[in-house]
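Every number in this text was worked out from the coordinates using simple rules, so none of it is lab data. Everything quoted here is computed from the prediction, not taken from an experiment. Glycine also receives a Cβ, built like all others from the backbone with ideal geometry; neighbour counts cover every protein chain displayed.
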Amino acid sequence: MDCTVNLALKLFLLLLSTASFGQENIILEAKKSILDRESNSANFEQIRIAREPLVVTADLAQVNNLDFNQTLWTLSGNINLENEFGSLVADSGQINFNNYEFSNAIFFGTPSRFDLLQSEQETFGEANRIELNLDDRNIRFFNDAIIQVNNTQFRGCDLIFDLNTNRVTAGYSECGENIQITIVVE
């Protein structure tokens, strides 16, 4: 039975790595995998998912559907994500793929951190929860949130970084905290 599952998974991964999805292939690598053919779900250890420019690694991953056309990945342990906007580290999270594209994600950590790639400014954000939404092109930071752009630091319970305008705004959270802005004097 295990040989059949491993063979089926290897065939699936071979097809996945050679099939063309738009401009770039999706490549999935894992040290260990368990495929449930009945539910079309899978569990992975030491996983790496790549579709340029996105690369995600984690200690553990579970997927509800192996079709990247519409799927939700649940990740835990040493999560690293890199894409054209920057890099993220987190303890746990969920990533959605729609139409073979990374569309949005939620990450948790104490804190999770996102370093943005900006040509003219050093920008990073930390929070206990970070939401990436590529459809709206924003990154939202919740609970003990900090966003720093060069020498200006924003603190609050709900901060939003707009990837289109490189602007920080405070969200409409019910936490009751005011936003705090600090200019770091060097």
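Give me the one-decimal nm value for the distance between modelled label points at residue 65 and residue 82, 7 Å along each residue's Cα-to-Cβ direction.
If labels sit at residue 65 and residue 82, their model points lie 3.0 nm apart.
With r as the distance between the Cβ atoms of residue 48 and residue 166 and R0 = 30 Å, compute the FRET efficiency 1/(1 + (r/R0)^6) and round to 0.05.
About 0.50, to the nearest 0.05.
Enter the per residue convex hull volume of the stretch 69-129, computed from alpha-carbon coordinates, in Å³ rounded to the nearest integer.
About 73 Å³ per residue, rounded to a whole number.
I need 175, 157 ordered by Cβ neighbour count within 10 Å, fewest first.
By the 10 Å Cβ count, ascending: 175, 157.
Quote the convex hull volume per residue of the stretch 2-183, based on C-alpha atoms, as a whole number of Å³.
It is 116 Å³ per residue.
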